[in-house]
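Participant: Handing you this structure, nothing more for now.
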Ligand code: PGA
């Protein structure tokens, strides 16, 4: 089981140091934290496996505001999240740029968590499978690829997919690609065990509830028994 905490734009270096001091995940679960770029050094120093929240597709160059895989490797970062729905929604990320970022991460020996998921309108229009098929088809198959199924309507809204609905989407994704699939979208200590006990749920990508060391530890513990 892989339990990854996506901190989004929360926690600078000082708060990151405080978090890693307080965080001790149980053995038997792989815990990953993905802080903002400027907190990566402090996160790595804390000893937990660290992912970045994005990575650029070029080795270096005139790409203002972007960060290369080489820079991440230099800091001891283990992988990167790509294609998060907030990147797709607010920063023009597409299936194509998501794939380019993933390819580059693999070329540098980084692992990848690639996010897919339908919006509420797409689910209501019965387009979920089409959206997932298109998003997953764009991803480069690789032994270090992990897919995160994050229904956009469940992210940061408190609306979690039911375990049955998550299971259904995960099983569908697994017909498309051979990779572990994490569930993401309002995962909390209270709902983690039930979601993680679904047969095709291989872990979680946790936003809000990963910011507090106690709740993130509780989710990691729930994974242990699932
Ligand atoms: P959430 O975020 O757990 O706060 O819903 C999940 C994510 O966006 O990765």
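Only the coordinates and a few stated rules stand behind these numbers; no lab work does. Just so it is clear, the structure is predicted and the values come from calculations on it, not from any experiment. A quick note on method: Cβ atoms are made from the backbone with ideal geometry, for glycine too, and the neighbour counts reach across all protein chains shown.
Participant: Taking springs between alpha-carbon atoms closer than 10 angstrom, which of 81, 177, 33 fluctuates most in the Gaussian network model of the chain?
Facilitator: 177
Participant: Figure the gain on full extension for residue 168 and residue 96 (residue separation times 0.36 nm, minus the Cα-Cα span) and round it to one decimal in nm.
Facilitator: This chain segment gains 23.3 nm when fully extended.
Participant: Which FRET efficiency value, to the nearest 0.05, do you get for residue 108 and residue 15 by plugging their Cβ-Cβ distance into 1/(1 + (r/R0)^6) with R0 = 30 Å?
Facilitator: The computed FRET efficiency comes out at 0.60.
Participant: Given 0.36 nm per residue, what is the gain on full extension from residue 212 to residue 142 after removing their alpha carbon distance, in nm?
Facilitator: Full-extension gain reported as 22.0 nm.
Participant: Residue 38 to residue 178: extension gain in nm, 0.36 nm per residue of separation minus the Cα-Cα distance?
Facilitator: 47.1 nm
Participant: Run through the DSSP bridge list for the range 37-175 and note the antiparallel percent, rounded to the nearest 5.
Facilitator: Percentage antiparallel, nearest 5: 0.
Participant: What's the ranking of 63-72, 150-159 by average number of surrounding C-beta atoms within 10 Å, highest first?
Facilitator: So the peptides 63-72, 150-159, ranked by packing, come out 150-159, 63-72.
Participant: Continuing with this model, one more query. In whole Å, what is the distance between the alpha-carbon centres of the range 157-218 and the range 84-115?
Facilitator: 20
Participant: Then there's this: Add -39500 (n - 2.57) for each DSSP H run of 4 or more in the chain, then divide by its residues: what number comes out at 222 nm, to the nearest 500 deg cm²/dmol?
Facilitator: -11500 deg cm²/dmol
Participant: Considering the chain as a Gaussian network with a 10 Å cut-off on Cα pairs, which listed residue, 51, 216, 172, attains the greatest mean-square fluctuation?
Facilitator: 172
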